[in-house]
1. Can you name the condition, by its number, that residue 456 falls short on among (1) in a helix (DSSP H, G or I); (2) farther than 27 Å from residue 359 by Cα?
2. Could you check the stretch 332-388 and list, in sequence order, the residues that are over 20 Å from the mean Cα position of the chain (by Cα), part of a loop (DSSP other than H, G, I, E, B) and aliphatic (A, V, I, L, M)?
3. Within the stretch 85-124, can you find the residues that are of a type in the set (Val, Ile, Thr) and either over 18 Å from residue 49 (Cβ atoms) or touching a residue at least 60 places away in the same chain (Cβ under 8 Å) (or both)?
4. For the stretch 2-43, which positions are modelled with pLDDT of 80 or more and basic (Lys, Arg)?
5. Residue under question is residue 318, and the condition is that it be crowded, with 22+ Cβ neighbours inside 10 Å and part of a helix (DSSP H, G or I); does it hold?
6. If you check residue 211 against the conditions, is it among the aromatic types (Phe, Trp, Tyr) and under 24 Å from the mean Cα position of the chain (by Cα)?
7. Can you tell which of 409, 495, 490 is aliphatic (A, V, I, L, M) and assigned by TED's automatic domain parsing to the domain that holds residue 364?
8. Can you tell me which residues in the stretch 445-475 are without any contact (Cβ under 8 Å) to a residue 12 or more places away in the chain, under 21 Å from residue 314 (Cα atoms) and among the small types (Gly, Ala, Ser)?
Amino acid sequence: MNEKRIGVVLSYAQIITTILVNLIYTPIMLRLVGASEYGVYSLSSSVIGYLSLLYAGMTSTYLRYSSIYQKKGDQESVARLNGLFIVLFSALGCCALILGGLLSANLQPVLGNGLTVHEYELARILFIIMAINMALLMPKTVFSTLIISQERFIFIKSLDVLHALLIPVLTLPVLYFGYGSIGMSCVVLLLTGIGLAASMWYCIRKMDCPFCFRNLPFSLLPGMFSFSIFILLQGIMDQFNWHLGKVLLSNFADSTAIAVYSIGVQIDSLFISFGVAFSGVVVPRIYQLVRENASQELSELWLRVGRYQFYVVYFIWLGFLLFGKPFIVLWAGENYQDAYIVALLLMLPLPIHLCQILAIEVLRAYNCHRLWTLVHLAGAIIGFLISIPLTKEHGILGVSVGTSVTLFIILNFYDNWYYGKYGRLNVFFFFHGLSKLLPAALLCMLFAWGISRTLVIVTWSDMLLTGSLYTVLYLVVMYLVGMNTQERNIIATMIQRVRLRINWI
């Protein structure tokens, strides 16, 4: 099994690990910390998350330039490019630290008037810790990107899995000893530092990545800036869509409402993670095909990956639609059941978009993502403006509706027109290939609806039984009705390899 396939497996392993960890960890954490403090923690994390915009787009920028030098075999230019990114990201880390300090000193204008005096004081401490964490994330991003550019997916994905496991293992004792959200933030900071050290060691000692800090190619910065500025705008758009709702709620509601909304956003984030897990390992291949101007091969890759992602995305979306509410009640408690509506509304525009997620990297590779980003940013701003009166009137439901409506229109209508016109992708070919899954999708929906009407979920045993039955029926229907010959052969090959390993053991 090659690096890419193992990378995909480890990507899903990390997400599954995160989900399993959250199933056990999040309810305990909520009870130990409380809804109010968790709301402050989540709000602080979201605001500090805006500092990540400082390096938005730099990963794609590095891949774009390094692929050009690698094709020419120009290792000296690669070494200088690596040195430039280390210097640049270290400077950005310093900027993040300074901005975090300024934010912590001016909390009320940022967070509004919905918090108590104690909550403002807690947020001030959290802002400082999280700003230090963000400063370390900047150089860590460089080393992670170097590893990805060489398609060393096993190490970087294994590191992600380990990080997901260590968060609860280290955090729960801290919470039991009463250190609360401050202790949680310190654990995240510690793991970020360890991750930075591990990535540096792997790049320098295992990959022998070249670094040169003399005659740095600062002349590339204007071109890099013009390329990455629109990815930065996309990052701003994402912040508008997924995190400004918490800021609105901090002004028009309270910290408990923020906690409920945060649970819904957390579920939505896991859904997105599943949808993009496969695409990450084929990004270097996209840049290679764009250099070769292989439009038809790009469309075929787009469809092939889109079908793989459909099997995962539809499974989660349909399962949550029918069984999500009792799951949230069991998992987070009765007080958080409104998070089901939040998550469902935020997930509604995403299934097709997640199947098409590779197209965004194709746009970047062709350097034609500018107009796409501006329209998305405009849509995010409109959604935010719509959400203001809706949040005043309807609270968490209002902010969720405002985000969902604008996303649905842009992601499912505008994007497909743009992919075909500027991304040189065959949109008709994509939907024709994906439409062959429609009979299987309808059958799965029918069976899942029957299960939801027949079985009542009250306990975790009920949820396990229902989930197992749904999973088995989904896999059988998709294998027999949905998958094409190539996909069945892949499954058969994987099963054969597992059997051989078991027999060998």
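The values are calculated or read from the model by the stated rules, or taken from the named source; none is laboratory data. Bear in mind that the values here come from a model prediction, so they are computed numbers and not experimental data. Every residue, glycine as well, gets a Cβ built from its backbone with ideal geometry; the counts of neighbours run over all protein chains shown.
1. All conditions pass for residue 456, except number (1).
2. Listed by number, the list holds a single entry, 332.
3. 86, 87, 110, 116, 117
4. 31
5. On the way: crowded, with 22+ Cβ neighbours inside 10 Å: no; part of a helix (DSSP H, G or I): yes.
Spelling it out, it is not the case that residue 318 is crowded, with 22+ Cβ neighbours inside 10 Å and part of a helix (DSSP H, G or I).
6. no
7. Numbers: 495 fails: assigned by TED's automatic domain parsing to the domain that holds residue 364; 490 fails: assigned by TED's automatic domain parsing to the domain that holds residue 364.
None of the others qualify; the one that does is 409.
8. 450, 468
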